[in-house]
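*Asks:* Provided herewith is a single structure, encoded as structure tokens, for subsequent inquiry.
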Amino acid sequence: MVTDLVYHESFVKHEMSIGHPESPDRLRSAMRYINDRGLFEGSGLTLLNPTPVKLEEVYQIHGERYLQSIKERSERGGGFYTLDTEVNAHTYNAAILAAGGGINAVDRIMMGISDNAFVLCRPPGHHAEYERAFGFCFINNIAVAASHLIQQHGLNRIMIVDYDAHHGNGTQNTFYSSPQVLYVGLHQDGRSLFPGSGFPDEMGEGKGFGYTVNLAMYPGAGDVSYNLAFTDVIEPVASAFKPEFILVSVGFDSHYNDPLTSLGLTSSGFRMINSKLSEIASAYTSGKIAYFLEGGYNIETMGMGALNLVEELLGISTTAFDDSYSESNTCTEYTKALIDRIRSTAPLLL
Ligand SMILES: [Zn+2]
């Protein structure tokens, strides 16, 4: 396989307050694990240096004044949007390179130059709303890429799977009334975690009704629950939708040792998820899949997860790590009931 790893030094220059969990060390750890495994030498992995996104493409997803406000704050050297989401002198550059890198990645896959890609970027994007920086996010990178695939490549069916621990509110809202983008979110229940949205009754509106599927997982849900979610909901939904391209918001904060969340995945669970996504891509999109980094705040877990993801994309054997966690029966039973509810209400599954 030819896999693009999108990376730019600006991604580690964007930095929020000292001690902020969304830190440059997250990417340094990912690069260290991938490099230590020797994957930059003859494995088919290409380090892709991104080009800045064309602003017109961002304006499909965000307001012009909002984007200019990020630029102005960066030029001034910094500024706050919310308590935990702030700009430094490099944020605007990093954000337009992250969004541009996503477009570079999907363009190369569409042209057949590469098979798949991992956009290893900061800042992340899935919480960013039309005119609102939110939850460490400024430009919604995955939404910009989905819009580009529809408008520039003429695709009609994009499936976005978001398995970051937090609900991808910005991505969901961008395409809430569109039948061209199927948003599937797997995240910790919004009653127990930021941003407090992503419930099963959020299913889209108008022509987009049925094209939003939310699996709000019980705190503590791990490998068993995620396996059920894929077998009983995500694989059937993909079969009904028949995507032409799969985009994934990957967050390693669904791991049991993440400091900000309460889910229960292990590194083996992440490998299972990525392998199932590869199978869905092989079945419907000739393997066309691109991953976008969102969260993940345990630095070692970030590295392990990024390495395993790159190995999966390259189609080589994955490195096993000895982390383990068992979810409670209560979690598994809750997930089964959630799945039953979704299977009896989600329009794509009726
Ligand atoms: Zn997250």
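The values are calculated or read from the model by the stated rules, or taken from the named source; none is laboratory data. Keep in mind the model is a prediction, meaning the values are calculated, not measured. Because the Cβ atoms are built from the backbone with ideal geometry, glycine has one as well, and the counts that use them run over all protein chains shown. Areas reflect the complete protein model, heavy atoms only, side chains present, ligands, DNA and RNA absent. Shrake-Rupley method; radii C 1.70, N 1.55, O 1.52, S 1.80 Å.
*Asks:* Quickly run through region 195-214 and pick out the residues that are surrounded by fewer than 19 Cβ atoms within 10 Å (Cβ to Cβ) and within 16 Å of the ligand (Cβ to nearest atom).
*Replies:* Matches in region 195-214: Pro195, Gly196, Ser197.
*Asks:* Say we look at region 174-190 and pick out the residues that are within 16 Å of the ligand (Cβ to nearest atom) and assigned to a loop (DSSP other than H, G, I, E, B); which of these is farthest from Ala337 (Cα to Cα)?
*Replies:* Here the answer is Gly190.
*Asks:* Can I ask one more? Could you list all residues from region 144-173 that are among the β-branched types (Val, Ile, Thr) and either open to solvent by less than 10 Å² (accessible area, probe 1.4 Å) or within 16 Å of the ligand (Cβ to nearest atom) (or both)?
*Replies:* If the condition is that a residue be among the β-branched types (Val, Ile, Thr) and either open to solvent by less than 10 Å² (accessible area, probe 1.4 Å) or within 16 Å of the ligand (Cβ to nearest atom) (or both), then Val144, Ile158, Ile160, Val161, Thr171 are the ones that fit.
*Asks:* Quick test of your reading of the structure: Tyr291 fulfils all but one of (1) among the hydroxyl-bearing types (Ser, Thr, Tyr); (2) free of Cβ contacts under 8 Å to residues at least 24 places away in the same chain; (3) closer than 30 Å to Arg157 by Cβ. Name the failing condition by number.
*Replies:* Against the list (1) among the hydroxyl-bearing types (Ser, Thr, Tyr); (2) free of Cβ contacts under 8 Å to residues at least 24 places away in the same chain; (3) closer than 30 Å to Arg157 by Cβ, Tyr291 comes up short only on (2).
*Asks:* Any residue at all in region 318-338 that is within 16 Å of the ligand (Cβ to nearest atom) and either within 21 Å of the chain's Cα centre (by Cα) or crowded, with 23+ Cβ neighbours inside 10 Å (or both)?
*Replies:* No: zero hits.
*Asks:* I've got another one for you. Those residues that are touching a Gly at 6+ places or on another chain (Cβ under 6 Å) and open to solvent by 10 Å² or more (accessible area, probe 1.4 Å), I need them from region 131-143; list them, please.
*Replies:* Answer for region 131-143, where residues must be touching a Gly at 6+ places or on another chain (Cβ under 6 Å) and open to solvent by 10 Å² or more (accessible area, probe 1.4 Å): just Glu131.
*Asks:* Let me confirm something: among Met302, Met217, which residue is in contact with a Lys or Arg (Cβ under 7 Å, 6 or more places away or on another chain), within 16 Å of the ligand (Cβ to nearest atom), open to solvent by less than 40 Å² (accessible area, probe 1.4 Å) and touching a residue at least 24 places away in the same chain (Cβ under 8 Å)?
*Replies:* Step by step, each of Met302, Met217 is checked, and only Met302 is in contact with a Lys or Arg (Cβ under 7 Å, 6 or more places away or on another chain), within 16 Å of the ligand (Cβ to nearest atom), open to solvent by less than 40 Å² (accessible area, probe 1.4 Å) and touching a residue at least 24 places away in the same chain (Cβ under 8 Å).
*Asks:* Count, please, the residues in region 1-28 that happen to be in a helix (DSSP H, G or I) and open to solvent by 30 Å² or more (accessible area, probe 1.4 Å).
*Replies:* The total comes to 3.
*Asks:* Any idea how many residues of region 220-239 are buried (at least 20 other Cβ atoms within 10 Å of the Cβ) and closer than 18 Å to Ala281 by Cβ?
*Replies:* The total comes to 7.
*Asks:* Another question, if that's okay. Whether any residue in region 29-43 is open to solvent by 30 Å² or more (accessible area, probe 1.4 Å), hydroxyl-bearing (Ser, Thr, Tyr) and touching a residue at least 60 places away in the same chain (Cβ under 8 Å) is what I want to check.
*Replies:* yes
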